Amino acid sequence: MTVTGHSRETDPAGHVGDDAPSRRIAALEAENARLSQEARRAQSANEAKSRFLASLSHEIRSPLNAIYGHAQLLERKEGRDAMRAAQIIRRSCEHLTNLVEGLLDLSQVENGVLRLQREAIRFPALLDQMIAMFEPQARARGLSLNLERPDTLPEFVRGDAKRLRQVLINLLSNAIKFTKDGSVTLAVQYRSDVATFEVRDTGIGIAPADCARIFDPFERGDETRAALAPGAGLGLSITRALVHMMGGDIAVESTPGAGSRFTVRMMLSQPPSPPAGPAPTARIAGYSDAGPGEGRRRILIVDDDAEQAEMVEGLLEPLGFDIAVAAHGEDAIAMAGRRPPALVLLDISMPGRTGWDTAEILRAQHGDAMRIVMVSANAHERDGGGDGRAANDGFLLKPFDFASLLDLVAQQLGIEWTDADGTPPAPAPIPEADGAPAVGDAAACLSRIAHLARSGDVRALEQRIADFAALAPDAATRTDRMRDALDAFDLAALARIAAEGASR
């Protein structure tokens, strides 16, 4: 006999019950809640990106308008003084550059490709620079800008100076932006290799609900904060990412209407020995050339943008270089074949043959004697070269300042800049640890090694260390130390060893 009836389900423990529909309903409700939360997050992200695009349009158009208008005034030779117009154009360009760099930094952080440097930082000097940088801005707003630090701060710490400066700039800039009256204070403490930075203000403060989300990309807090100052909402997001990358942490405490306090803690160890100080700088008017051959050094500028090429030519030709200009890769290859240049400044994105393809052909035809540097706005294609694998010996990212270009040219050509009197730096003979004097121009060679180490030109460093070994055979200990540092790719240590010798 067959018995029929309602089927009943058992739970995992074997108990019989009728709660299966309830469990399915609960699971569906949980899934619906999760999907709703995801939808709210997506909607919030889209709204943040929409606000970002609206503010980005304003951020770009404002400086572009200043550049466009004052360029027309210069062209017509009317209106304000030319120097004043040039300063406004430069500041506007710097604003646009900082905006683009911020977007690039955010992209690199999100993709895990941002690299940190480890170098000696003049700690008290860096803090003084921060105050000096923002003092005019604070004074213009009627604010007092204060620096609180103990007398026991170390003279030098090790870290990424550029990124630490970027963190402090972002925090101080925000504090001044959102403070109508009162003060902004940078307070620093240092103990057991841990530095603590506090940026305090007496500004409008941050609502409790916004204290977490202001670190999200494109977020600028509530409407009151967003209306007070322009911005794309990237500064604090990048700041938090940089702090975390440097092994630190960042926190915020704020009371609406009473001000905010941002606190950053990170490890900044002290170097085992203080590095040599920087060499004094002078206004460059030319160069002294100890290289092979006679006459002016020839530089080939390759860029399909005639205005870009004209700008670089205008910077370098007055310094005594023989300048040639090519509009694309085929022209560059032909011109180099007729008269090889000492240095090629090569754009990447050009019609026809790309800069990378052109570099490969030039390297194959002319070897290492011809130095090749990529000069491009393609940040994602940045490759410093100089490692024996890539065809290029360096990379300069557009836009660049004149000093960066001059450093690169001197590095690649092995030249020394001269002042208006045509006088190159005068190196002094240096004794080694055993008391034996260095031979010939060993000091100049050490100075060049220190410069190349700071620039990262590995290929040139190997040759320069060999040159120093030949010039100063009694300085074998220093030579071995430099070679060990190069083998370990510790370029900061290599620069320090060379600079210590050059300064003696």
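The values are calculated or read from the model by the stated rules, or taken from the named source; none is laboratory data. These numbers come from a predicted model, not from an experiment. Because the Cβ atoms are built from the backbone with ideal geometry, glycine has one as well, and the counts that use them run over all protein chains shown.
Quick notes on this structure:
- Residue within the stretch 341-351 that is modelled with pLDDT of 90 or more, of a type in the set (Gly, Ala, Ser) and outside any strand (DSSP E or B) present: yes
- Restricting the search to strands (runs of 3 or more DSSP E) fully inside the stretch 137-221 and requiring at least 2 residues that are of a type in the set (Ser, Thr, Tyr) gives 182-191.
- Within the stretch 354-377, considering residues that are surrounded by 17 or more Cβ atoms within 10 Å (Cβ to Cβ) and assigned to a loop (DSSP other than H, G, I, E, B), the one modelled with the highest pLDDT: Met370
- Qualifying residue in the stretch 189-205 (condition: under 30 Å from Ser269 (Cα atoms), touching a Pro at 6+ places or on another chain (Cβ under 8 Å) and modelled with pLDDT of 85 or more): yes
- Within the stretch 118-171, being over 20 Å from Met245 (Cα atoms) and in contact with a Gly (Cβ under 8 Å, 6 or more places away or on another chain) holds for Leu143, Ser144.
- Residue list for the stretch 336-353, restricted to those being without any contact (Cβ under 8 Å) to a residue 40 or more places away in the chain and either outside the structural domain of Phe395 (by TED's automatic domain parsing) or buried (at least 18 other Cβ atoms within 10 Å of the Cβ) (or both): Ala336, Ile348
- Arg191 vs. criteria assigned by TED's automatic domain parsing to the domain that holds Thr239, without any contact (Cβ under 8 Å) to a residue 12 or more places away in the chain and basic (Lys, Arg): yes
- Evaluation of Leu300 against (1) aliphatic (A, V, I, L, M); (2) at pLDDT 85 or above; (3) more than 22 Å from Gly337 (Cβ to Cβ) (one fails), failing number: (3)
- Out of Gly291, Gly314, Gly295, Gly384, one residue alone is on the phi > 0 side of the Ramachandran plot and either modelled with pLDDT under 90 or part of a loop (DSSP other than H, G, I, E, B) (or both). It is Gly295.
- Filter pass, Ala476 being in the same structural domain as Leu316 (by TED's automatic domain parsing), at pLDDT 70 or above and farther than 29 Å from Gly286 by Cα: no
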